[in-house]
Each structure stands twice: as structure tokens, then as C-alpha cells.
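First up is the structure itself, then whatever we jot down about it.
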Amino acid sequence: MKKLQMVDLVGQREAIKDDIDSAFTEIMDNAAFINGPYVHQFQADLEKYLDVKNVIPCANGTDALQIAMMGLGLQPGDEVITADFTFAATVEVIALLQLTPVLVDVEEDTFNISPEAIEKAITPKTKAIVPVHLFGHAANMDAIMDLAVKHNLYVIEDNAQGIGSSYHYKDGSSQKTGTIGHVSATSFFPSKNLGCYGDGGAIFTNDDELAHTIRGIVNHGMYERYHHDVVGVNSRLDSLQAAVLKAKLPKLDEYNSRRQKAARAYTEALKNHKDIVTPSAKTNRPCENKTLGICDTCSCHVFHQYTLQIKNGKRDSLAEYLKSQNIPHGIYYPIPLHEQKAYKDSRYNHKDFKVTNQLSDEVISLPMHTELDQEQIDFITGHILKYLEEGGFDSAQPPRKNGSAQ
Ligand SMILES: *Cc1c(COP(=O)(O)O)cnc(C)c1O
């Protein structure tokens with residue numbers, strides 16, 4: 001069996017190695033390291049793929065979120081609503097810009113921000129909502145965009161985990177995540193669904209005026225050389241990273257369908273167990289081609305992570321067992337953001353985060369990448385089931401026989 005890894009980027013490189021090697025040589029020969037032709041070509045390719053008017057590359061996904069908020073002109077004290085159950089970057093940039101983060105609970109089945117919780121948290125100071133398409137699953141954009149219109153709010157999509165995913169509207173039409181709100185941010189961190197070989201990110205928007213503002217912000221607030229009209233930052237995607245992304249982008253749909261295939265195989269093996277809840281791939285569209293709760297025809301979930309809930313208090317002991325068997329896994333995320341030291345706030349009531357609190361205790365993510373094969377999946381799921389049934393294969397946790405309680 002191939003070595004088990006949470007993410008396998010070496011295996012993935014094989015098919016694109018020649019393209020990338022020749023691009024790297026060309027970039028080095030021409031010394032066009034910043035803002036070279038590859039950056040512009042990748043930007044244009046991504047605009048076409050997403051069907052969005054403007055892609056503005058930048059240095060990483062966290063910068064992309066920050067710059068999106070700067071571009072919208074959000075002011076200190078403005079309230080920005082986001083999910084309690086996500087990676088900290090989302091809330092970090094809100095706080096960094098001296099905006100007021102307002103964390104809200106997520107939905108039980110999708111782990112995504114709850115529209116009901118958003119509505120309850122809206123005040124006259126609320127200016128924006130930041131839905132995160134968590135683990136690659138599109139958030140409920142019908143409801144979120146309705147709320148935004150009703151309350152005159154901006155929507156900033158955090159698409160760092162969702163690139164290539166589509167949101168399917170109630171009326172049957174669909175649109176790529178990251179192109180629905182006013183502006184969106186993505187990350188090209190190596191392990192993301194479209195990852196480079198270092199740091200990278202981008203901002204997407206269909207608003208040309210906002211795109212113009214943002215293009216200045218990423219470059220020290222310059223719209224004309226050495227004229228600094230606004231306070232900006234330095235945030236660039238370099239040419240080497242753009243070359244990797246340009247080579248990978250034509251394969252993104254294939255990469256995502258390989259992830260979906262692996263997800264189906266995991267779910268096939270783990271469904272219907274009393275201690276396991278497999279990830280849902282709920283969509284608004286009634287899908288005809290749905291197996292194991294995952295649509296075959298719509299890419300509403302691109303499985304950045306394949307995340308189980310382990311019930312009955314068994315998550316931590318299962319994680320220990322997997323560790324003892326050298327089976328990689330991750331707990332994303334172990335602590336709700338409202339409980340993190342940096343983001344605690346007296347406005348929060350722990351009881352209002354029922355789903356996040358529970359998920360923090362129950363989630364476990366399994367290896368998920370484009371190179372997983374059935375043998376590896378059988379090995380991983382076999383160990384999980386064996387452990388939950390009998391306490392494992394080895395002496396680390398001896399199986400309990402009937403009547404031998406101690
Ligand atoms: C990875 C990630 C980010 C940050 O991206 P970086 O490129 O690492 O800065 C932001 N939000 C979410 C949800 C992420 O998963």
C-alpha cells in the first residue's frame with residue numbers, strides 16, 4: 001500500500017512536472033519574478049474558469065480577506081458577522097482592521113454559517129457577512145444573499161476551502177462559489193484544492209470599481225506610480241507560484257472529482273454506523289443523481305476535508321487509536337472561535353453556539369487528496385470500524401469481552 005498521508009502533493013506533481021519545470025526555468029532565465037506574464041495569464045485563466053469579471057492575485061488567503069474588507073471601506077466599529085466554526089484567519093482580519101467580529105453558530109448538517117443565527121445577530125452596526133464554504137461545501141447563499149439585500153449588507157465569501165465548488169440555487173441555476181457575494185477571498189496554500197508550492201491567494205469580484213480600488217490596495221495604495229491615494233499593503237502572487245497554479249487550474253475539476261470519489265468510498269464504508277455521522281452534501285436542488293448523499297452531477301461539495309462526526313464521546317479515543325496505527329487524521333477545529341483567548345467577548349453566550357460546541361468535540365477529518373486509492377480507503381475505514389466495534393486491532397486498547405467489565 002502507498003504511504004498514507006493527510007495530503008499527497010508529491011504524487012499529484014507527477015502529471016504536471018514537465019510543465020512546471022519548464023515554466024520555472026523560463027521564469028528564472030527571464031528573472032520576471034514579480035508581476036511576470038504567468039501572473040497575468042493565470043489571472044485571466046481563473047477569471048474564465050470562475051466566470052467572474054475580476055481576479056486580483058495576492059500573497060495569501062488571509063491577506064485576500066483583509067484586502068477585500070479594506071476595499072469595501074469598512075470602518076472601525078462596523079460589525080462583521082462570521083461563523084464560530086472555521087479557521088481563525090476569517091475572524092483575525094476582522095479584528096485586525098478594528099472591525100467588530102460577531103461570531104454566530106453553524107448548521108448541524110453542513111457545518112456552515114446558519115442564516116437564522118445571522119439574522120438574530122444583525123444590529124444597526126452590522127455592515128457585512130462573511131460566509132465560509134467550510135470543508136469545500138457551499139454555504140446557503142440563497143438565504144445569505146436574501147438577508148444581505150434585506151439589511152443592506154455586504155457579503156464577503158471566504159472561498160479558501162471551496163474553489164471549484166458551485167452553489168445550486170433553489171431555482172435550479174448554479175454559480176461558482178466565490179462569485180456570488182460582493183467580493184470573495186481564496187487561498188492557494190499548498191494543501192488547498194488549488195494549491196501552489198508556497199503561499200498565494202486571490203480576491204474575486206464582479207464589481208469593476210471595487211476591483212480597481214483593490215488593485216491599488218494590494219500595491220501600496222498606488223493607482224499611479226508613486227502616488228499613494230489610500231493606505232495599502234504589499235501583497236503579491238509571485239511568478240513561480242502563478243506558473244504552478246496555471247498548470248494546475250485545467251486539472252481542478254478532475255482533482256475535485258477525485259476528492260468526491262474518495263468521499264463516496266469513505267461514506268460507502270462508514271454509513272449506517274451508530275457512532276458515525278458521515279458528511280452531508282445537502283443542496284437546494286433536487287438532485288436525481290445522488291448516491292450516499294453526495295451529488296454526482298453538481299459540485300456543491302468539493303471535499304477540501306472529509307470530516308466525520310464521532311458520537312458517544314468516542315472521538316478522542318479513536319484519534320488516539322489512529323495515531324497509534326500511524327493513520328493520519330486531523331481535528332478541524334478543536335476549539336470554537338468564541339472560546340479562543342484572542343476572540344472571547346462578553347457579548348457571547350456559550351449556549352448560543354450549540355452546534356459548534358458539539359462539533360468541536362465530535363469532528364475528525366480523514367486523509368483527503370487527489371491521490372487516495374481504494375486500498376488506502378479500505379485500510380483507513382477498516383481500522384475505524386474495527387476500533388469502534390472492538391476497541392482496535394492491537395493491545396493498545398484491548399477489546400472488551402462480554403462480562404469482563406473492569
Ligand atoms: C486557509 C484558509 C484561510 C487563509 O489562507 P492562507 O493562504 O493560509 O492565509 C482563510 N480562511 C479559511 C477558511 C482557510 O481555510
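Nothing in this text is a laboratory measurement; each read-out follows from the coordinates by a stated rule. The model shown is predicted, which means the values in this text are computed figures rather than measured ones. A quick note on method: Cβ atoms are made from the backbone with ideal geometry, for glycine too, and the neighbour counts reach across all protein chains shown.
Would you please report the Å³ per residue occupied by the convex hull of the alpha carbon atoms in the chain? Display every interim value, and only then the final one.
On the way: hull volume 61.4 nm³, N = 406.
Given the Cα convex hull of the chain, per-residue volume reads 151 Å³.
For the chain, modelled as a GNM with alpha-carbon contacts under 10 angstrom, which of V277, V104, V155 fluctuates the most?
Greatest mean-square fluctuation among the candidates belongs to V277.
Using a simple spin-label model with points 7 Å from Cα along the Cα→Cβ vector, what separation in nm is obtained for N234 and R13?
Placing both labels 7 Å along Cα→Cβ, they lie 2.8 nm apart.
Per residue, what volume in Å³ does the convex hull of the Cα atoms of region 61-101 enclose? All intermediate terms of the calculation are to be shown ahead of the outcome.
On the way: hull volume 2.2 nm³, N = 41.
Output value, Cα hull per residue: 54 Å³.
Taking every DSSP beta bridge that has both residues in region 70-134, what percent is antiparallel when rounded to the nearest 5?
10
Kindly express, to the nearest 10 degrees and within the range 0 to 90, the angle between helix 239-248's C-alpha long axis and the longest C-alpha principal axis of the chain.
It works out to around 50 degrees.
Step through the table entries K248/K323; K192/K323; K3/K246, compare each Cα-Cα distance with 30 Å, and write down the pairs that go over it.
Over 30 Å apart, Cα to Cα: K248/K323.
Given a cut-off of under 8 Å on Cα pairs at least six residues apart, what relative contact order in percent is computed for region 9-250?
Result for region 9-250 is 26 percent.
What fraction of the Cα pairs in region 90-183, stated in percent, has a spacing above 20 angstrom? Let's see the in-between values first.
Values: 1389 of 4371 pairs.
When all Cα pairs of region 90-183 are counted, 32 percent exceed 20 Å.
Exposure proxy check: I113, I214, I310, I331 ranked by fewest other beta carbons within 10 Å? Each step should come with its number before you reach the end.
Numbers: I113 29, I214 24, I310 21, I331 16.
So the residues, fewest neighbours to most, are I331, I310, I214, I113.
Round to a whole angstrom and tell me the spacing of the C-alpha centers of region 1-25 and region 40-83.
Taking the Cα centre of each part, region 1-25 and region 40-83 sit 28 Å apart.
Summarise the long-distance tail of P(r) for region 18-102 by giving the % of C-alpha pairs beyond 17 Å. Intermediate values should be presented prior to the final figure.
Working: 2217 of 3570 pairs.
The answer is 62 percent, as a whole percent.
Using 0.36 nm per residue, how much length does the chain from K125 to L96 gain when fully extended, once their Cα-Cα distance is taken away?
Values: separation 29, 0.36 × 29 = 10.44 nm, distance 1.77 nm.
Once the chain is fully extended between K125 and L96, it gains 8.7 nm.
Summing -39500 (n - 2.57) over the DSSP H runs of n ≥ 4 in the chain and dividing by its residue number, what mean residue ellipticity at 222 nm do you reach, to the nearest 500 deg cm²/dmol?
-11000 deg cm²/dmol
Starting from the Cα of K3, step 7 Å along the direction of its Cβ; do the same at K150; then give the gap between the two resulting points in nm.
For the pair K3/K150, the computed spacing is 5.2 nm.
What FRET efficiency comes out for the pair H350/N30, r = Cβ-Cβ distance, R0 = 41 Å, nearest 0.05?
On the way: r = 56 Å, r/R0 = 1.37.
That pair, H350 with N30, gives E of 0.15.
Taking region 190-284, which trypsin sites (Lys or Arg not before Pro) meet the DSSP loop condition and have no more than 10 other C-beta atoms within 10 Å?
Details: sites: K192, R215, R225, R236, K246, K248, K251, R258, R259, K261, R264, K271, K274, K282; in loops: K192, R225, R236, K271, K274, K282.
Taking region 190-284 and a limit of 10 other Cβ atoms within 10 Å, the loop trypsin sites (Lys or Arg not before Pro) found are R225, K274.
Rounded to the nearest 10 degrees, what's the angle between the helix 141-151 long axis and the longest principal axis of the chain, both from Cα atoms, 0 to 90?
With rounding to tens, the tilt is 50 degrees.
Over all directions, what mean area does the Cα convex hull of region 160-275 project, stated in square nanometres? Please report the intermediate quantities before stating the final value.
On the way: hull surface 43.5 nm².
With the hull built on Cα positions only, its mean projection is 10.9 nm².
Defining a contact as two alpha carbons under 8 Å apart and six or more residues distant in sequence, what relative contact order in percent does the chain show? Don't jump to the answer; show the numbers that get you there.
Values: 814 pairs, mean separation 80.2, N = 406.
Taking the mean separation of contacting Cα pairs over the length of the chain, I get 20 percent.
Fewest first, what order do H151, H338, H227 take by the number of other Cβ atoms within 10 Å? Intermediate results must be reported in sequence, preceding the final value.
Values: H151 15, H338 23, H227 9.
In increasing order of surrounding Cβ atoms, one gets H227, H151, H338.
List the residues whose amide H sits under 5 Å from the amide H of V183, counting only those 5 or more places along or on another chain, with H placed 1.01 Å from N in the peptide plane.
Correct list: V155, E157.
Under a point spin-label approximation (7 Å from Cα along Cα-to-Cβ), what is the N272-Y197 distance to one decimal in nm?
Label-label distance for N272 and Y197, simple model: 4.6 nm.
What's the angle, to the nearest 10 degrees (0 to 90), between helix 374-390's Cα axis and the longest principal axis of the chain?
That helix lies at roughly 50 degrees to the long axis.
Consider all pairwise Cα distances in region 9-250 and report the whole-number % of them above 33 Å.
Values: 5079 of 29161 pairs.
Value for region 9-250 (Cα pairs over 33 Å): 17 percent.
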